[in-house]
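Okay, structure first, notes after.
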Amino acid sequence: MLKDITLGQYYQTESVIHRLDPRVKLLGTILYFVSLFLFNNPVGYAIATIFLATVIIMSRVPFSFMIRGMRTIVILMLITVLINLFVTQGDVVLSFWKLKITKQGIILAVQLALRITLLIIGSSIMTLTTTPNHLTDGLEKGLRFLKVIKVPVHEIAMMMSISLRFIPILLEETDRIMKAQLARGADLESGNLFKRIKAMVPILVPLFISAFRRAGDLANAMEARCYHGGEGRTKMKPLKYKSRDAIAYLILAAYMVVSIYLGRLSLFKIM
Amino acid sequence: MDIIKTQDVLYEYIRRDDEGEVTGITTALDHISLGIKKGDFIAILGRNGSGKSTLAKHFNAILTPEEGTVWVDGNDTSDEDKIWDIRQTAGMVFQNPDNQIIGQVVEEDVGFGPENMGVPTEEIWKRVEESLKAVGMYEYRKHSPNKLSGGQKQRVSIAGVLAMKPKCIVLDEPTAMLDPKGRREVIDAARELNKKEGVTVILITHYMEEVINADRVFVMDGGKIVMQGTPKQIFSLVDELKALRLDVPQVTLLAWELKKKGLNLPEGILTVEELVEGISRCR
């Protein structure tokens, strides 16, 4: 039952987007997020959507696969949209009972829905096309400048990649403990929420003990293999910018210029 | 010259209660002195709690002795400056295959050791390839370690140590969590390394069958070395081994029982072939 959980859901295929340097993708995602909040006119949204659509097509990840990640967020989105729809003050278009729908409300709701959709799909592009390993490498190298202010960048990246490696192992372990407790007559599925949370205790305690033991073992194994922090460490797969990364940066820059320019245009402004 | 030498090594585990008062002391290593020759295949036998894993951890400075000295390739393990040299000289493979693989891809895990040592990138790739080939895991280099069997994971761990070009590999019960097939894979890989690459192998185990081909065997009990010698010498002492609650290989046990019943068989039979030959000579 726990095997269905996939984290950092990477989609394996060959594409330009997959081959891009993770640093480009990281910065690209951040810039794309920023751009979404720069404008509030239809042309801006059209350009953001076209940009995203182009990237999706280039990534060769099936669109249906991306939508899958949206499902969980749909409820959250509906709530936000509905609240905006009914709460916003302005020219009333439709009213029944105590609820009023205003023109401004509709516009705001549509904008929000669009923004959230673009945000989620935009961020999933990065996780879908970058292996977790590559991502941590990218973070480590891309954020190296933070070392100046004493942020332990290497350590954080190492912790991330170790956690990613142990997620499936600990999931398997949880499954095993659950089965062991079920075999001893533990009741995990009946009762109210509070009861069920309480029933999780005999699962979490052994899980934590085992996780700590694993951590101790792993620390020993890492030390035995001469691990002593990021100092003097070389890379088996060092990140190197290629020409395609330069082109990607240029495209990003162009996209940002267009977004900022559009954001300042009042010509198409809706509100 | 001895690659590993210990002199009067003492190590104690001290248990304390919540107030920090000492409630008990377990002497894990009780004045151990031994020497291990370069290029040998050494086996250290002993039941649970005999101190064999504690001894293993002294061989690459994960633990340092309270009294006495451990030298690895001439370096004292309590010398802080030499610690990385020592760990590079004496690589270590642990019991649980899941808890010692760091990388998310086989080849990346094998490259972890050389990365830490600061080996240049091209050299790392060369070493990873060689090490994976040496343990027969090269085809799996792009796989995720989670998808491998226990024996395969342990072979990857061995490759990870091998990529550091150690002179000596310490295997601390590498087969304890494996099925018979995985056990054979791992032991064969270790033996291969010893023969072909001339790496000193120290195998810590409680499976007697894995000991048969060792050059030298140490038997530990209660933190002391109670027996040492070639497998033949050790296994001819069936009564003593039984007193230490160690199992003797089935063939050896059968030969021993037959001999007790009056058959004229040689001492210390270790393989089926030897027994067959011995019995056919009896007539």
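The values are calculated or read from the model by the stated rules, or taken from the named source; none is laboratory data. Being a predicted model, the structure only gives us computed values, none of them experimental. Here the Cβ is made from the backbone with ideal geometry for all residues, glycine too, and neighbour counts use every protein chain on show.
Things worth noting here:
- Boolean, A:Lys242 is of a type outside the set (A, V, I, L, M, F, W, C), away from every other protein chain (no Cβ under 14 Å) and either farther than 30 Å from A:Asn40 by Cα or touching a His at 6+ places or on another chain (Cβ under 8 Å) (or both): yes
- The conditions of being of a type in the set (D, E, K, R) and either touching a helix residue (DSSP H, G or I) at 6+ places or on another chain (Cβ under 8 Å) or modelled with pLDDT of 85 or more (or both) are not met by B:Glu209.
Yes or no, residue by residue, for (1) more than 9 Å from chain A (Cβ to nearest Cβ); (2) free of Cβ contacts under 8 Å to residues at least 12 places away in the same chain; (3) of a type in the set (S, T, N, Q):
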{"site": "B:Leu55", "(1), (2), (3)": "yes, no, no"}
{"site": "B:Ile62", "(1), (2), (3)": "no, no, no"}
{"site": "B:Thr69", "(1), (2), (3)": "yes, no, yes"}
{"site": "B:Asp79", "(1), (2), (3)": "yes, yes, no"}
{"site": "B:Ile86", "(1), (2), (3)": "yes, no, no"}
{"site": "B:Asn96", "(1), (2), (3)": "no, no, yes"}
{"site": "B:Ile101", "(1), (2), (3)": "no, no, no"}
{"site": "B:Val105", "(1), (2), (3)": "no, no, no"}
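- Helices (runs of 4 or more DSSP H) fully within the range A:33-118 that include at least 3 residues being modelled with pLDDT under 80 and exposed (fewer than 15 other Cβ atoms within 10 Å of the Cβ): A:63-68, A:71-87.
- Qualifying residue in the range B:113-128 (condition: touching a strand residue (DSSP E or B) at 6+ places or on another chain (Cβ under 9 Å), on the phi < 0 side of the Ramachandran plot, free of Cβ contacts under 8 Å to residues at least 12 places away in the same chain and more than 10 Å from chain A (Cβ to nearest Cβ)): no
- Flag for A:Arg214 being in contact (Cβ under 8 Å) with a residue 24 or more places away in the chain, assigned to a helix (DSSP H, G or I), basic (Lys, Arg) and within 14 Å of another protein chain (Cβ to nearest Cβ): yes
- In the range A:74-127, the residues that are among the aromatic types (Phe, Trp, Tyr) and touching a strand residue (DSSP E or B) at 6+ places or on another chain (Cβ under 9 Å): A:Phe86
- Which listed residue, of B:Gly223, B:Gly278, B:Gly268, is crowded, with 16+ Cβ neighbours inside 10 Å and closer than 14 Å to B:Arg47 by Cα: B:Gly223
- Flag if A:Met222 is modelled with pLDDT under 85, within 14 Å of another protein chain (Cβ to nearest Cβ), closer than 30 Å to B:Glu80 by Cα and surrounded by 11 or more Cβ atoms within 10 Å (Cβ to Cβ): no
- Some residue of the range A:199-210 being at pLDDT below 85 and either over 30 Å from the mean Cα position of the chain (by Cα) or surrounded by 11 or more Cβ atoms within 10 Å (Cβ to Cβ) (or both): yes
- Helices (runs of 4 or more DSSP H) contained entirely in the range B:184-283, each with at least 1 residues that are under 30 Å from B:Thr27 (Cα atoms), under 20 Å from the mean Cα position of the chain (by Cα) and touching a residue at least 60 places away in the same chain (Cβ under 8 Å): B:231-235
- Residue identified as without any contact (Cβ under 8 Å) to a residue 40 or more places away in the chain and on the phi < 0 side of the Ramachandran plot among A:Leu146, A:Leu139, A:Leu128: A:Leu146
- Take the conditions (1) more than 9 Å from chain B (Cβ to nearest Cβ); (2) of a type outside the set (Ser, Thr, Tyr); (3) over 30 Å from B:Thr89 (Cβ atoms); A:His154 misses just one of them, which is (3).
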